[in-house]
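Written out below as structure tokens is the structure these notes cover.
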Amino acid sequence: MLSKEVEKEVIRHLNQIRLLLFLEKEDTKARLIVSVVNKMPDLEKDIITRKYLHRDSEYTRHQMIYKDMEISHGLYGKVRLRGLFKIALVLGLTKTMTASIIQKDWRQERMLNENFLSVDDNEALVSFLYESGIYITLDLEREGQVELQQAMKKLEPLEAEVIARKYLSREAEYTRHQAVYKELGLSSGTYKKYRLRALTKLAAKLSDLIK
């Protein structure tokens, strides 16, 4: 999770940008942050805009937003932090996506088969992929991006499609496994086989980056 200090700093920047937008005096930083927000998944974009960039934002309480959006307080908090993290990333206030921000459905898996990754390696690779997806979405460069692109090209087409949809797409953080395998017309078992096989191949190619 973002530290309180970084969260406050991001919000300070957003408050400044809201004022510039209101005065129609956008500067380079304002245009950059607005661009980042526009590239966010729809839920993040809506929350960040309502809470920080709308002209009435300073009078809009968190409770008003999540009740109006008909989502839980917990989900609202997680999505808001994900959005703030991405802005902090662009502003150079943070570099690493912490575990608590990432969707954790993969934590339930226990890949004990010797052909697959260990749980720790799986966790490190999935974190790397989610982070890479954010950088790609925001048009930012990061260490390992070229290596990831090369490793993705070595995968079978369906393996690459599974990884791209589940971990690298704009909505990856909010995309459940079930949604991916249904869209691809796969059974749950077939999807899992392709996904784990792809993760194993990527881990072998990217081992120096995910340790």
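The values are calculated or read from the model by the stated rules, or taken from the named source; none is laboratory data. This one's a predicted model, so the numbers in the text were calculated from it and none came from an experiment. Note: ideal-geometry Cβ built from the backbone for every residue, glycine included; neighbour counts use all protein chains shown.
A few points about this structure:
- Scanning segment 48-93 for residues that are surrounded by 20 or more Cβ atoms within 10 Å (Cβ to Cβ) and outside any helix (DSSP H, G or I) yields no hits at all.
- Qualifying residue in segment 172-184 (condition: modelled with pLDDT under 90, closer than 25 Å to LEU75 by Cβ, in a helix (DSSP H, G or I) and not charged (D, E, K, R)): no
- Residue in segment 114-126 that is part of a helix (DSSP H, G or I) and at pLDDT 90 or above present: yes
- Some residue of segment 134-145 being assigned to a helix (DSSP H, G or I), within 30 Å of VAL90 (Cβ to Cβ) and of a type in the set (A, V, I, L, M): yes
- Restricted to segment 142-168, and to residues there that are touching a Phe, Trp or Tyr at 6+ places or on another chain (Cβ under 7 Å) and free of Cβ contacts under 8 Å to residues at least 40 places away in the same chain, the residue that is surrounded by the most Cβ atoms within 10 Å (Cβ to Cβ) is VAL162.
- Yes/no for ALA198 being under 30 Å from VAL37 (Cα atoms) and either assigned to a helix (DSSP H, G or I) or modelled with pLDDT under 95 (or both): no
- Count - residues of segment 94-113 that are at pLDDT 50 or above and either among the charged types (D, E, K, R) or loosely packed, with under 13 Cβ neighbours inside 10 Å (or both): 2
- Condition met for LYS45 (within 19 Å of the chain's Cα centre (by Cα) and either surrounded by fewer than 19 Cβ atoms within 10 Å (Cβ to Cβ) or among the charged types (D, E, K, R) (or both)): yes
- Exclusive hit being at pLDDT below 95, out of contact with any Ser or Thr (no Cβ under 9 Å at 6 or more places or on another chain) and over 26 Å from ALA172 (Cα atoms), set ARG31, ARG55: ARG55
- Counting only residues that are buried (at least 17 other Cβ atoms within 10 Å of the Cβ) and free of Cβ contacts under 8 Å to residues at least 40 places away in the same chain, segment 169-191 holds 6 of them.
- Taking segment 61-77 as the range and being in contact with a Phe, Trp or Tyr (Cβ under 9 Å, 6 or more places away or on another chain) and closer than 27 Å to LEU23 by Cα as the test, the residues that pass are HIS62, ILE65.
- Evaluation of LYS192 against (1) modelled with pLDDT under 95; (2) within 30 Å of VAL34 (Cα to Cα) (one fails), failing number: (2)
- Any hit, segment 148-164, residues being assigned to a helix (DSSP H, G or I), modelled with pLDDT of 90 or more, of a type in the set (S, T, N, Q) and within 22 Å of MET40 (Cα to Cα): yes
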